[in-house]
Amino acid sequence: MIEPREQPSLKSPARRRAASACAALIAALAVLSPVGCGSRDVEPDAGNRLDVGVNGRIEFAVESIEPIKRGFNTFHVRLTWTDSGNPVQRIKLRVYASMTSMGHGSVHEGKEIEPGLYEVADVPFGMGGLWDVQYRALASSLIDEAAFEFDVH
């Protein structure tokens, strides 16, 4: 006596249609997904961010010189005391850029170009994806810090 099969054979028309439908659905999702790797249809990240640091002492206003891109990027960072609204002058600004998922990272020093405005030049984003950039205002110790994500295409 022949045992009945619990599932139809892979060669059956029903299984072939189901496999074809599944493959078509996956292909359609891959084509229609706007966030896939290397997507060219997404607007570039302008690179402008604003937030108060984790200690609440300094407001960090970050502006990229041009839209965020692969390669070297330059940022202007305006630091303002939250209690007085005055510019944060003559302080060390250290910037840490990292793509933690891939182990890429770099450290940069900001240069004060006018009172409270610092330039951080040549921050390398070597590949597309999400980059975490931490801005730390330092004197003899950490005063305040803020972190922002940049989506690099």
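The residues of the stretch 93-122 that are touching an Asp or Glu at 6+ places or on another chain (Cβ under 7 Å) and exposed (fewer than 15 other Cβ atoms within 10 Å of the Cβ), listed by number, are Thr100, Lys111, Ile113.
The requirement of being within 13 Å of the chain's Cα centre (by Cα), assigned to a strand (DSSP E or B), without any contact (Cβ under 8 Å) to a residue 60 or more places away in the chain and surrounded by 15 or more Cβ atoms within 10 Å (Cβ to Cβ) is not satisfied by Ala61. Can you find a residue that is touching a strand residue (DSSP E or B) at 6+ places or on another chain (Cβ under 8 Å) and more than 25 Å from Asp151 (Cβ to Cβ) anywhere in the stretch 58-78? Taking every residue of the stretch 58-78 in turn, none turns out to be touching a strand residue (DSSP E or B) at 6+ places or on another chain (Cβ under 8 Å) and more than 25 Å from Asp151 (Cβ to Cβ). Assessment of the stretch 20-34 against the conditions (exposed (fewer than 11 other Cβ atoms within 10 Å of the Cβ), modelled with pLDDT of 60 or more, hydrophobic (A, V, I, L, M, F, W, C) and farther than 27 Å from Phe125 by Cβ) yields at least one matching residue.
The values are calculated or read from the model by the stated rules, or taken from the named source; none is laboratory data. In this text, all values refer to a predicted model and were calculated from it rather than measured experimentally. No Cβ is skipped: glycine too gets one built from the backbone with ideal geometry, and neighbour counts run over all protein chains shown.
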